[in-house]
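The values are calculated or read from the model by the stated rules, or taken from the named source; none is laboratory data. Since the model is a prediction, treat every value here as computed from it, not as a measurement. Please note: Cβ atoms are built from the backbone with ideal geometry, for glycine as well, and neighbour counts cover all protein chains shown. These area figures cover heavy atoms from the full protein model, side chains too; ligands, DNA and RNA do not enter into them. Shrake-Rupley method; radii C 1.70, N 1.55, O 1.52, S 1.80 Å.
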Amino acid sequence: MKTKTLRGFRDILPEEIYIWQFVEDKARDVFGKYGYSEIRVPVLEYTELFTRSLGTNTEIVEKEMYTFNDRDGSSVTLRPEGTASVVRSYIDNALHLKSPVNKLYYIGPMFRHERPQKGRYRNFHQIGVELFGPIEPEYDAELINMLAYTFRELGISEYVKIEISSLGDDKCRPLYREDLIKYFSANKNRLCDDCNTRLLTNPLRILDCKNPECRKIADAAPSILDYLCQDCDSHFKNVLKGLDLVNTEYELNPKIVRGLDYYNRTVFEFTTTKLGSQNAVAAGGRYDGLVKELGGAEIPAVGFAMGIERLVLLIQEETNLDFRKKTDLYIAFMDSSHIDYAFKITESLRMKGLSVVTDYNDKSLKSKLKRANKLNASYVIIIGEEEYNNDQLIIKKMRSGEEKVIGISIIAEITPTHLEQMF
Ligand code: HAM
């Protein structure tokens with residue numbers, strides 16, 4: 001019997017989970033300020049949802065999906081990203097009839113059969129945001145500012161750069177695509193095999209190739225920003241204005257193409273130089289055609305997702321925030337005949353709102369104090385024979401080592417602030 005996880009899948013243990021909760025709490029808090037609500041959608045969907053949303057010629061659909069047949073023979077897929085599922089839910093639940101603007105976020109696992117490395121897993125987690133309804137560029141800007149605000153709250157904004165571009169729309173992108181094909185065809189012999197295939201299937205993806213020779217050619221390629229039609233150009237300029245208005249710094253990067261086909265107009269990535277080759281910590285953009293493409297009304301949308309594992313790595317490696325769990329009180333009784341007494345005191349202190357740990361064994365005081373230290377306990381209550389006989393307790397402040405004898409009656413009115421005031 002195998003007792004190992006699958007390659008690229010991992011357990012997240014309590015010592016790390018505190019950082020995850022910190023990230024999730026900050027995101028919920030910031031998103032709440034912008035009027036977003038949480039949505040939870042299934043992790044398993046019909047395969048067609050992803051092939052139609054992400055595009056059949058994308059890496060994810062071609063090589064990375066966990067697809068299998070359900071018991072009734074239908075093809076199902078573990079979601080490789082969240083946008084498609086949220087759009088499906090938006091349509092299924094006719095959310096556009098409930099409100100002209102829907103602001104949704106989700107937190108959860110995604111699955112892509114990629115080659116695992118630092119910051120890249122097969123089972124990873126995203127915090128994603130999708131905004132349905134508005135076409136106005138102020139919403140794109142607001143979304144990017146919200147993401148920048150989240151990074152500030154997480155204490156990692158100085159390690160992250162915002163890159164932004166526009167992919168135009170159905171009017172202007174075909175012209176760009178045509179010129180790009182001409183340009184790359186003229187340099188065909190220098191492109192890698194993959195890019196020669198991309199030239200036929202998805203030429204914009206050549207701009208994204210990591211091969212050094214392809215990169216050189218891509219650097220001199222025409223820029224999408226020179227091809228934007230008037231509407232797209234003005235939309236893009238207003239997105240940038242919305243960033244400038246609140247001093248959000250960004251870099252124009254016309255080579256952002258994104259690995260998913262649903263995008264149009266605004267696209268952006270939050271990148272870092274601190275995590276090696278897995279440099280994108282968050283990414284997103286506008287996808288005005290997807291709701292209609294999947295059978296819904298003609299409703300524009302914009303969104304992003306951040307990779308939780310990468311945020312956690314950045315926080316672990318670049319900040320010195322203390323995520324150790326704290327315990328208010330540790331109860332050490334010295335005689336096993338006092339076990340019921342300690343049991344009752346422990347429960348009553350918890351009812352007062354304190355976090356309390358007791359070990360129900362007869363180990364020595366020294367070993368119990370060691371445990372209290374490990375548990376990061378602020379105070380220890382010691383129940384000795386003499387104190388027990390006199391309705392008293394010893395309370396010890398761990399930071400200073402000071403001790404006080406208190407009457408048992410104090411337990412009835414103890415609070416965390418009361419504990420502080422005792423010393
Ligand atoms: P994405 O760029 O594919 O976009 O993924 C977003 C983020 O998820 C990445 O920037 C990265 O931080 C994280 N990520 C992706 N793959 C992995 C992996 N294998 N291991 C660890 N982290 C990973 C999307 O998924 C779009 N749905 C974003 C979006 C929402 N666009 C509009 N709305």
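For the chain, carbon and sulfur atoms together expose 48% of the accessible surface, with a 1.4 angstrom probe and every protein chain in place.
When the charge dipole of the chain is built from unit charges on Cβ atoms (+1 for Lys and Arg, -1 for Asp and Glu) and taken about the Cα centre, the candidate among 229, 137, 339 whose Cα reaches farthest toward its positive end is 339. Helical content alone sets the calculated 222 nm signal of the chain at -11000 deg cm²/dmol, taking -39,500 (n - 2.57) per DSSP H segment of four or more residues and averaging over every residue.
Could you tell me which GluC sites (Glu not before Pro) in region 280-313 are loop residues by DSSP with no more than 16 other beta carbons within 10 angstrom of their beta carbon? Don't skip to the answer; put the middle values down first.
Numbers: sites: 293, 298, 309; in loops: 298.
Here the sparse-neighbourhood loop sites are 298.
Considering only 215, 399, 40, the mean-square fluctuation computed in a Gaussian network model of the chain, springs between alpha carbons under 10 angstrom, is largest for 399. Considering only 81, 347, 15, the Gaussian network model of the chain with Cα springs below 10 Å gives its largest mean-square fluctuation to 347. Each label point was placed 7 Å from the Cα along the Cα-to-Cβ direction; for residue 5 and residue 226 their separation is 4.7 nm. Between the Cα long axis of helix 137-153 and the first principal axis of the chain there is an angle of about 30°, rounded to the nearest 10. Solvent-accessible surface of the chain, taken per residue with a 1.4 Å probe and all protein chains present: 50 Å².
Classify the chain: rounded, prolate or oblate, from the alpha-carbon gyration tensor (a ≥ b ≥ c, eigenvalue square roots; a/c under 1.5 rounded; otherwise prolate if a/b is larger than b/c)? The shape class here is prolate.
With +1 on each Lys and Arg Cβ and -1 on each Asp and Glu Cβ, and nothing else charged, work out how big the dipole of the chain is about its Cα centre, in Debye to the nearest 20.
On the way: 58 positive and 63 negative charges, 225 e Å.
For the chain, the charge dipole is close to 1080 debye.
Beta bridges assigned by DSSP with both partners in region 327-421 are antiparallel in approximately 50 percent of cases.
Using Cα springs under 10 Å in a Gaussian network model of the chain, which residue among 242, 295, 384 shows the largest mean-square fluctuation? Comparing 242, 295, 384 in the GNM, the peak value goes to 384. Answer rounded, prolate or oblate for region 1-144, using the Cα gyration tensor with square roots of eigenvalues a ≥ b ≥ c: rounded when a/c is under 1.5, else prolate when a/b is larger than b/c, else oblate. Oblate, because a/c is 1.5 or more while a/b does not exceed b/c. When both region 170-222 and region 107-122 are represented by their alpha-carbon centers, they are found 27 Å apart. Could you work out how far the C-alpha centroid of region 393-415 sits from that of region 40-69, in angstrom? Region 393-415 and region 40-69 have Cα centres spaced 59 Å from each other. Per residue, the average separation of C-alpha pairs within less than 8 Å and at least 6 apart gives the chain a relative contact order of 15 percent.
Which of rounded, prolate or oblate describes region 66-147 when judged by the alpha-carbon gyration tensor and an a/c cut-off of 1.5? Walk me through the intermediate numbers first.
Numbers: a/c = 3.49, a/b = 1.37, b/c = 2.54.
Note, shape of region 66-147 comes out oblate.
When the trypsin sites (Lys or Arg not before Pro) in region 275-332 are filtered for DSSP coil states and for at most 14 other beta-carbon atoms within 10 Å of their beta-carbon, the remaining sites are 324, 325, 326. Listed by chain and number, the lysines whose C-alpha is less than 24 Å from the C-alpha of residue 366, apart from same-chain residues fewer than 8 away, are 325, 326, 344, 374, 396, 397, 404. What's the angle, to the nearest 10 degrees (0 to 90), between helix 173-186's Cα axis and the longest principal axis of the chain? Helix 173-186 and the main axis of the chain meet at about 80 degrees.
For region 327-421, what is one quarter of the convex hull surface built on the Cα atoms, given in nm²? The partial results should precede the final answer.
Numbers: hull surface 21.3 nm².
So the mean shadow area of the Cα hull is 5.3 nm².
Seen against the Cα atoms of the chain and their longest principal axis, helix 339-351 is set at about 50 degrees.
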